[in-house]
């Protein structure tokens, strides 16, 4: 018979996974065929799985994703022409560990936010901290923060997030103050963490949206210095994929020139499915 005080003590010790597994074992007729080590291993595995599930739930709650999208929900039969092989590579999470970035471009209603949330959900499963923000709400919040003293705290939260999702990039006109906010955000994250950006606006129009070419170079350069995976015009049914590979020099002068060259390529390229800059 099951020793109920033992189960209660496990709950008191916050070992609820082991407690449930112990109850389950007691209800299994042939559990006696297992050795002590095997039964103990099952208890420990159950506790580990329970803790990971709780931790992942907490990460998802803090992420505040707009949509409850999961990798399993992605429909590759949708006529948006999503590159399944590329998306599968992104699902491995290596791009997050290597501090790379993802850009999802295309017109409204094709599922950019859904795909971004699916990637972010996967990052949560893999143990990364995630935060979803809409740029149209983030920028006014940061502006208010300058007045109420929360500005630096907000920047610190954005800087330490391992996978930041910025939705609705350049959907509204960007002010001079917005430029400064974006420069701070990307400067803090450069080479240390990953960012997912969704945008209805084709990349070649981003300079016009930012307005100031110098600030555009500064903002986009800090984001494009490391590998960038681009899913552009995902409504296309074309399965062809192009790849632009660029390498930066170690010298500061060559580095700056190379960065401007990379940005120029993105400004003038109409169609691409996968761009890697690094």
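The values are calculated or read from the model by the stated rules, or taken from the named source; none is laboratory data. Owing to the predicted nature of the structure, the values given are computational and were not obtained by experimental measurement. Note that each Cβ is placed from the backbone with ideal geometry, even for glycine, and that neighbours are counted across all protein chains shown.
Okay, here's what the table says:
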| quantity | calculated |
| --- | --- |
| Residue match in the range 9-21 (condition: assigned by TED's automatic domain parsing to the domain that holds residue 189 and free of Cβ contacts under 8 Å to residues at least 24 places away in the same chain) | no |
| Matching residues in the range 49-65 - criterion: being farther than 17 Å from residue 132 by Cβ, surrounded by fewer than 13 Cβ atoms within 10 Å (Cβ to Cβ) and either in contact with a helix residue (DSSP H, G or I) (Cβ under 8 Å, 6 or more places away or on another chain) or at pLDDT 95 or above (or both) | 49 |
| Check on residue 77, touching a helix residue (DSSP H, G or I) at 6+ places or on another chain (Cβ under 9 Å) and within 30 Å of residue 197 (Cβ to Cβ) | no |
| Test: residue in the range 195-202 that is at pLDDT 50 or above, in the same structural domain as residue 83 (by TED's automatic domain parsing) and over 20 Å from residue 102 (Cβ atoms) | no |
| Number of the exception - residue 68 against (1) without any contact (Cβ under 8 Å) to a residue 60 or more places away in the chain; (2) more than 20 Å from residue 168 (Cα to Cα); (3) surrounded by fewer than 18 Cβ atoms within 10 Å (Cβ to Cβ) | (2) |
| Which listed residue is touching a residue at least 40 places away in the same chain (Cβ under 8 Å) and either part of a helix (DSSP H, G or I) or not assigned by TED's automatic domain parsing to the domain that holds residue 158 (or both), from 90, 82 | 90 |
| Qualifying residue in the range 216-237 (condition: modelled with pLDDT of 50 or more and farther than 16 Å from residue 103 by Cβ) | yes |
| Hey, residue 31 surrounded by 11 or more Cβ atoms within 10 Å (Cβ to Cβ), closer than 30 Å to residue 205 by Cβ and in contact with a helix residue (DSSP H, G or I) (Cβ under 8 Å, 6 or more places away or on another chain) or not | no |
